[in-house]
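The values are calculated or read from the model by the stated rules, or taken from the named source; none is laboratory data. Keep in mind that this is a model prediction, so the values were computed, not measured. For neighbour counting, all protein chains shown are included, and Cβ atoms are generated from backbone atoms with ideal geometry for every residue, glycine included. What goes into the accessible areas is simple: the full protein's heavy atoms, side chains included, and nothing from ligands, DNA or RNA. Shrake-Rupley method; radii C 1.70, N 1.55, O 1.52, S 1.80 Å.
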Amino acid sequence: MTKVLVDNKEIDVPAEYTLLQACEAAGAEIPRFCFHERLSIAGNCRMCLIEVKGGPPKPQASCAMSVRDLRPGPNGEPPAMFTNTPMVKKAREGVMEFLLINHPLDCPICDQGGECDLQDQAMAFGVDSSRYGENKRAVEDKYIGPLVKTSMNRCIHCTRCVRFTAEVAGTGDMGAIGRGEDMEITTYLETAMASELQGNVADLCPVGALLPAPQSFRARSWELQKTQSIDVMDAVGSAIRVDTRGREVMRILPRLNEAVNEEWISDKTRQVVDGLRAQRLDRPYLRENGKLRAATWREAFAAIAAKVGATPPQKIGAIAGDLASVEEIYALQGLMRALGSANVDCRQDGSKSHPKFGRASYLFNPGIAGIEEADSLLIVGSNPRREAPVLNARIRKRWLRGNFLIGVVGEHADLTYPYRYIGAGPESLTGDLKAPDSSKKPMLLIGQGALARPDGEAVLKRALDIATASRVFVDGWNGFSVLHTAAARVGGLDLGFVPGGGGMDALAMAKGGVDVLFNLGADEIEVAAGAFVIYQGSHGDLGAHRADVILPGAAYTEKSGTWVNTEGRAQLGERAAFPPGAAREDWAILRALSEALGHKLPFDSLSALRVALYRDAPHMAAIDQIVAGSAINAAGMAAGAPDKAAFASPIQDFYLTNPIARASATMAECSALARGRARQAAE
């Protein structure tokens, strides 16, 4: 630590801190536009000027100088900085005046209004008049894709967007052309950006030059009610903020969570908003004479009770979908136990992950933040860029630091960082495949492309053998990492929502193994004809099309629920809006249905349900914490040779992976663009 004086206040800060960070650690407010903690230093806006005692007789850009570069006083006094002297004040006013020379007077109609750094800093550090009387320069707006709207007259060339696409996203979509007054920020040939994280540039832009296109001119920030929640578009569990106006979700923004998503979210997380409004189920339905008709809750429950009452327990089953919260899975599990059925499964994709192998066998054990501690990585049967873009950005962040060897067994895809391609399928998982001897904290990441196969258990066993040989399991370090694609998967496995003794798995039930099937939002599996299907979900997707009874549920923004992410972290999502029409929260539907079936569940409120849940699964009460699970038990895993088929990621279209995304017109447009790029690349 180094002692420094900031406005005559002595503090200790790390030597690698910039002067800007040191000043803020002392409580001083330093304006900035180009500086961002997660991006490289550009030093081109000059708004963060301060005075350094003993330095040159001019203001110093505090973002571009480190504490270790300061000189002590003549008698060994700590280096001194000043943030509020007349020289600093005059310098900042001059910089702000230059920034506003060409900035248009768009504040009354700019969507950034109320959240604009330029607005705020002009008020705090600028002057109340302008001496500029010339014409302002004009820049044409650019097309950079359907997710980000441009208004390039407002651009102040902070280059945050350029550095983000180059460093975090890894696609280098944006850059600068021209010099001086003719400089412009644009994409290559003004084409759409290709990154799955591109929407974050709108958050980074300090002036409203880049804004979320789907929300353009729809609401002002001060009109919105803000609710903290958790994303369910993948298994990362990104921290989000849901902004609503009345009953309608208007936008979704990231929240800071250093352990999970830092401050980034994927484009699907951000712009799935219109899918929350479209194709909604807002009343119960019954299928009569091959057609669905609107019904009352009483009629729907009566039809279910009649069918369940005439069906033996071994012919009744339940499948939980990928977006379900822990509370509704727990309620469905209780109902199935009361009915006497062991046919339950939360793995609609056929994954071979199972609690009997130990909790550590299906978790991302080092944690998402633990990626930054690793010094080598083997990826097996996964495409992290499609399956978890935010996690993939963390891998890229670690690669940028250097001394990080990456190998891939599976698809040969662009992951935004270089890697050694080892092979396409299980035949590459041989005994001589292991981390280098110099690696102290190796990681093995295995995805659902390897586990959601008929031979997934044998692949898992072989991957564990390689992990053991690679010293993935050492004192204080467990680098075995399972990357899930479904937000509900780890929670379901933690509850043991898998077939009991003699029970059928999801694929067996869907192929006709049961006569009555409770489908809790499982829209990625096709159910064969013959079974009586009760679908409970929020959207009219595949599951609703096959259903004999539809019970309208709530989307993830419309209920309070718990989701456990791929690293085993239990997180709470809060209700931001109410479900439409007669739709209800899913646990409440199951509670009411249980009474109609004569097996009343022992809770009448969400709080009572959680009391029972925490009694049966105590680690669910440890919100935002990772509770260490039982060790991996490989003794019961299939030891046969895996199939020779190549691994393939379960996500072929990043933008259309669940019913909410498939209901979104914005996601459909992004999907069409991605398919077009793939065709061009193939040609």
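Out of 323, 335, which single residue is open to solvent by less than 10 Å² (accessible area, probe 1.4 Å) and not polar (S, T, N, Q)? Before you say what the answer is, go through the steps one by one.
Details: 323 fails: open to solvent by less than 10 Å² (accessible area, probe 1.4 Å).
It is 335.
Taking the options 330, 417, name whichever one is in a helix (DSSP H, G or I) and of a type in the set (Phe, Trp, Tyr). Walk me through how you get there before you give the answer.
Numbers: 417 fails: in a helix (DSSP H, G or I).
Just one listed residue meets the conditions, 330.
Which residues, taken from region 487-507, are open to solvent by 10 Å² or more (accessible area, probe 1.4 Å) and either of a type in the set (Ser, Thr, Tyr) or out of contact with any strand residue (DSSP E or B) (no Cβ under 8 Å at 6 or more places or on another chain) (or both)?
So the first thing to find is which residues in region 487-507 are open to solvent by 10 Å² or more (accessible area, probe 1.4 Å), and the list is 494-496, 498-505, 507.
Passing the criteria: 495, 496, 501, 502, 507.
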- Selection from region 539-565 of residues that are open to solvent by 10 Å² or more (accessible area, probe 1.4 Å) and farther than 22 Å from residue 239 by Cα: 540, 541, 542, 545, 546, 548
- Please specify each residue of region 30-46 satisfying the condition of being surrounded by fewer than 16 Cβ atoms within 10 Å (Cβ to Cβ), out of contact with any strand residue (DSSP E or B) (no Cβ under 7 Å at 6 or more places or on another chain) and free of Cβ contacts under 8 Å to residues at least 60 places away in the same chain. 37
- Task: Could you tell me whether any residue of region 506-528 is out of contact with any helix residue (DSSP H, G or I) (no Cβ under 8 Å at 6 or more places or on another chain), part of a loop (DSSP other than H, G, I, E, B) and at pLDDT 95 or above?
- Result: no
- Run down 113, 43 and say which single residue is of a type in the set (Gly, Ala, Ser) and under 30 Å from residue 401 (Cα atoms). 43
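Could you list all residues from region 302-334 that are of a type outside the set (Gly, Ala, Ser) and under 20 Å from residue 286 (Cβ atoms)? If you could, list the steps in order and put the result at the bottom.
Keep residues of region 302-334 that are of a type outside the set (Gly, Ala, Ser), which gives 304, 307-308, 311-316, 319, 322-323, 326-330, 332-333.
Within region 302-334, 304, 307, 308, 311, 316 meet the criteria.
Is it the case that residue 329 is touching a residue at least 24 places away in the same chain (Cβ under 8 Å), buried (at least 24 other Cβ atoms within 10 Å of the Cβ) and touching a Phe, Trp or Tyr at 6+ places or on another chain (Cβ under 6 Å)?
Working: touching a residue at least 24 places away in the same chain (Cβ under 8 Å): yes; buried (at least 24 other Cβ atoms within 10 Å of the Cβ): yes; touching a Phe, Trp or Tyr at 6+ places or on another chain (Cβ under 6 Å): yes.
In short, yes.
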- within 30 Å of residue 396 (Cβ to Cβ), open to solvent by 70 Å² or more (accessible area, probe 1.4 Å) and among the hydroxyl-bearing types (Ser, Thr, Tyr), is that true of residue 143? yes
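Can you report the number of residues in region 268-301 which are open to solvent by 20 Å² or more (accessible area, probe 1.4 Å), in contact (Cβ under 8 Å) with a residue 12 or more places away in the chain and over 30 Å from residue 385 (Cβ atoms)?
So the answer is 10.
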